[in-house]
1. Over the range 95-215, what relative contact order in percent results from Cα pairs under 8 Å that are six or more residues apart?
2. For every other residue with a beta carbon closer than 15 angstrom to the beta carbon of Trp183, add +1 if it is Lys or Arg and -1 if Asp or Glu, then tell me the sum.
3. Once the other residues with Cβ under 15 Å from the Cβ of Val210 are scored (Lys, Arg +1; Asp, Glu -1), what is the net sum?
4. By the gyration tensor of its Cα atoms, with a ≥ b ≥ c the square roots of the eigenvalues, what is the shape of the range 80-245: rounded for a/c under 1.5, prolate for a/b over b/c, or oblate?
5. HN-Hα J couplings of the range 214-229 from phi, Karplus 6.51/-1.76/1.60, θ = phi - 60°, integer Hz, Gly and Pro as x?
6. Please compute the net charge surrounding Glu219, taking Lys and Arg as +1 and Asp and Glu as -1 over other residues with Cβ under 13 Å from its Cβ.
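Read-outs throughout are calculated quantities, based only on the coordinates presented, and are distinct from any laboratory measurement. Keep in mind that this is a model prediction, so the values were computed, not measured. Virtual Cβ from ideal backbone geometry, glycine too; neighbours counted across all protein chains shown.
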Amino acid sequence: MFRCDIDPDARLPVRSHSNDVALYYQTFRALHFAAFGRFEGIVFRGFAAFPAERLCLSAGKVTLLWRLRLMFRISKDSPVHYITSVTHNRLPVFKTTKLKEVMCDALKEARTSWDLLIFAYVIMPDHLHALIGSHLKPSKVLRYVNGISGHRIIEHLKESGSEASLAKLQQETRPREYKYSLWDHHPNLKLITTENGLMEKANYIHLNPVRAGLVERAEDYRFSSVRCWQRKPLEDEPLLMDLDKVAWHK
């Protein structure tokens, strides 16, 4: 759930320039108190958020500054999206370090552009696993992740002159009309509704490289979130996780 907590004891300076903001704040508190019996925040679907607000007076104007830290509470109402995306015809697109790095950058871009939270991932030669938190519909999460990553990978292959790879990703849409497609058109998405489910899937994801014989230890595979879960990220970790955004049950 999305909880917005504001300190009810916060001291807000009220000046002639801040009447509108003060009125807003007082009305906000009054409405919440009437609805919940106490001033503890507003509940929205998907996240728990803890903002602190303060008023700053400058040049006769009042600036409202918000500091917002989103917290994701895993439940049936706000599940984690477990995505498995397979490359077209199982082509080993991500054989090189550079293409894995491009994929990580694409995931960062998707996270920033659409307010996604990434909890776990692994980039294998021919597929991607990811655990993602979002208030968006599952179909949109999948479309944004696959869309941005597909576009960035194809863009990189074009810029680097990788004609052979592009030819393998080419699909005929109409007679004599072609387009490039990184991902298979039948992606797999499941909803994870419990913390135990999240941890089980994260463990499965992290052991993928070991099962494939790519490494002996999960933490030795660079393009996975296992070190973030162990709280031992590399100084140049390819992709950091949003585990501090999970509102774990105590």
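1. Value for the range 95-215: 25 percent.
2. +2
3. Details: positive: Arg211, Arg217, Arg222, Arg227; negative: Glu216, Glu219, Asp220.
It works out to a net charge of +1.
4. Prolate shape, in that a/c is at least 1.5 and a/b is the bigger ratio.
5. Result, rounded to whole Hz: 7, 8, 8, 10, 4, 5, 7, 8, 5, 9, 8, 8, 4, 5, 5, 5.
6. +2
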